[in-house]
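Worksheet: the structure to be examined is printed underneath.
Derivation of every value follows stated rules applied to the coordinates shown; laboratory data play no part. Model, not experiment: these values are computed from the prediction. Here the Cβ is made from the backbone with ideal geometry for all residues, glycine too, and neighbour counts use every protein chain on show.
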Amino acid sequence: MIKIFGHTAPDTDATASALIWAWYLNDIIKKPATAYVLGAPNTEADFVLKRWGFEMPELLNDVADGDKVVIVDTNNPAELPANIKNADIRQIIDHHLLVGGLSTKGPINVTIRPVAATATVMYSIMREPALDNMPDAIKGLILSCILSDTLEFRSPTTTPRDTEVANRMAKDLNIDIASYAAEMFAAKSDISHFSDAELLRLDSKILEVDSTKFRVSVLETTSPDTVLNRKSSLIDSMKTVASEDGVDQVLLFVVDILNEQSTMLIPNDAVKSVAEKSFNTTVSSDSVILPGVVSRKKQIIPNLKS
């Protein structure tokens, strides 16, 4: 049995792409495979799976020596199970920069393409009879992944290939993209049952910049006030989460999907300095608006300076 999973703090693309590839391996390639998640997915992913009739994949805490695995939506060992280097990695499908650090037991297929969603990569590497026999539920997952990672084509990560595949899936499903994306983003904006610490870890990545270790957290929402109304308690929690997670600072960006801007929370002078150096802005309070900044991959992480 092949285990398929994406990164920790799974979003819609990581969660649904594991299910897409499990379908492909099971039904088309005829290799037994099971999708897993490496943590609790966000509310948008939960909505997407229910909308298309899927159960949430089982939580995978670690892998055993020799487990056959396929990794999707990441190639970063820091975002994978602790024992991943002793697993039998069979394939990697991703759309992020190549991090390095993984080793395999033999030659494998690695596909990393500069598109916005892993689901776009998967659709592009599938061959007949997959494309002719793809059920609506899988098409729905592909569409959802692309709309999520492109913020309905607003993100600078969007490529013509993402748009082409999304429009093809929507046409096949007779779905209005704007209406469906609004439903997805409304689900993503429901953060009522998450604690502050859970929100800070929900959609985040840990990285080191100039010897400073950050947890870079992004909350994408069509209702930014819902998050910013909790600004004071979130700021209080940032120090605790940083200490518990072994990082120097937590950076939180509240992405306003509709207005295409981010609000960065400023809990201390160190983060104030990061904001001013990284985004050519002046900080005068406990938050700062960053117009046009919506993508962690393209606009936040590449510009970070400690």
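Hey, what's the per residue convex hull volume over the C-alpha atoms of the chain, in cubic angstrom?
Values: hull volume 37.8 nm³, N = 306.
Cα convex hull per residue, to the nearest whole number: 124 Å³.
Could you tally the net charge around K68, taking each other residue with its Cβ under 13 Å from the Cβ of K68, Lys/Arg +1 and Asp/Glu -1? All intermediate terms of the calculation are to be shown ahead of the outcome.
On the way: positive: K3, K31, R90, K105; negative: D65, D67, D88.
That works out to +1.
If you take the charge dipole of the chain about its Cα centre, with +1 on Lys and Arg Cβ and -1 on Asp and Glu Cβ, which of L102, F253, I266 is farthest toward its positive end?
Selected residue: L102.
From Cα pairs below 8 angstrom and at least 6 apart in sequence, can you work out the relative contact order of the stretch 196-303, rounded to a whole percent?
Details: 167 pairs, mean separation 24.8, N = 108.
Here the relative contact order equals 23 percent.
If you take the beta carbon distance between N109 and E183 as r and set R0 to 45 Å, what does 1/(1 + (r/R0)^6) give as a FRET efficiency, to the nearest 0.05?
On the way: r = 35 Å, r/R0 = 0.77.
With a Förster radius of 45 Å, E is 0.85.
Any chance you could run the full-extension gain for S211 through S124? It's 0.36 nm times the residue separation minus the Cα-Cα distance, nm to one decimal. Intermediate results must be reported in sequence, preceding the final value.
Values: separation 87, 0.36 × 87 = 31.32 nm, distance 3.79 nm.
In short, 27.5 nm is gained.
Based on alpha-carbon centroids, what's the gap between the stretch 155-169 and the stretch 259-300 in Å, whole number please?
Answer, in whole Å: 27.
Just flag the trypsin sites (Lys or Arg not before Pro) in the stretch 110-216 sitting in loop per DSSP whose Cβ has no more than 13 other Cβ atoms within 10 Å.
Details: sites: R127, K139, R154, R161, R168, K171, K188, R201, K205, K213, R215; in loops: R127, R154.
Listed in order of number, the matching sites are R127.
Just the ratio, please: alpha-carbon radius of gyration of the stretch 163-306 over 2.2 N^0.38 Å, N its number of residues.
Compactness ratio reported: 1.12.
Taking +1 at the Cβ of each Lys and Arg and -1 at the Cβ of each Asp and Glu, which of I175, S144, P114 sits farthest along the dipole of the stretch 2-187 towards its positive end, judged by Cα position relative to the Cα centre?
Checking the options against the dipole of the stretch 2-187, the answer is P114.
Springs between alpha-carbon atoms under 10 Å, Gaussian network over the chain: tell me which of A186, A82, A242 tops the mean-square fluctuations.
Taking springs between Cα atoms under 10 Å, the residue moving most is A82.
With bins 5 Å wide starting at 0, give me the P(r) of the stretch 97-216 over every alpha carbon pair, in whole percents.
Whole-percent P(r) values from 0 Å outward: 2, 9, 15, 17, 17, 16, 13, 8, 3, 1.
Quick one: divide the alpha-carbon radius of gyration of the stretch 1-54 by 2.2 N^0.38 Å and tell me what you get.
On the way: Rg = 11.0 Å, N = 54, 2.2 N^0.38 = 10.0 Å.
Rounded to two decimals, the normalised Rg is 1.10.
Given +1 on the Cβ of Lys and Arg, -1 on the Cβ of Asp and Glu, and no further charges, what dipole in debye does the chain carry about its Cα centre, rounded to the nearest 20? Show your work: numbers first, answer last.
On the way: 30 positive and 41 negative charges, 150 e Å.
Here the chain has a charge dipole of around 720 debye.
Given a 10 angstrom Cα cut-off, can you work out which residue in L59, L80, L219 is the most mobile in a GNM of the chain?
Per the Cα network of the chain with a 10 Å cutoff, L59 tops the list.
Taking a ≥ b ≥ c as the square roots of the Cα gyration tensor eigenvalues, with a/c under 1.5 meaning rounded and otherwise prolate when a/b beats b/c, else oblate, which class fits the stretch 38-119? Working shown, then result.
Values: a/c = 2.11, a/b = 1.40, b/c = 1.51.
Because a/c hits 1.5 or more and a/b fails to exceed b/c, the stretch 38-119 counts as oblate.
Relative contact order, percent, of the chain when contacts are C-alpha pairs under 8 Å separated by at least 6 residues? If you can, show how the numbers build up before the last one.
On the way: 587 pairs, mean separation 41.2, N = 306.
Dividing the mean separation by the residue count of the chain yields 13 percent.
Per residue of the stretch 255-266, what does 6.51 cos²θ - 1.76 cosθ + 1.60 with θ = phi - 60° give for ³J(HN,Hα)? Whole Hz please, x for Gly and Pro, Karplus curve as stated.
8, 8, 4, 6, 8, 6, 7, 10, 10, 9, 7, 10
What GluC sites (Glu not before Pro) does the stretch 30-89 have in DSSP loop regions with at most 16 other beta carbons within 10 Å? Write down the numbers at each step before the final one.
Details: sites: E44, E55, E58, E79; in loops: E55.
Sparse-neighbourhood loop GluC sites (Glu not before Pro): E55.
Within the stretch 279-295, what residues put their amide N at less than 18 Å from the label point 7 Å along the Cα-to-Cβ vector of D236?
Output list for this probe position: 286-287.
Tell me which residues come under 5 Å, amide H to amide H, from I191 once H is placed; ignore anything under 5 positions away on its chain.
Placed amide hydrogens put nothing under 5 Å from I191.
Give me the distance between the Cα centres of the stretch 19-53 and the stretch 198-257, rounded to whole Å.
The stretch 19-53 and the stretch 198-257 have Cα centres separated by 27 Å.
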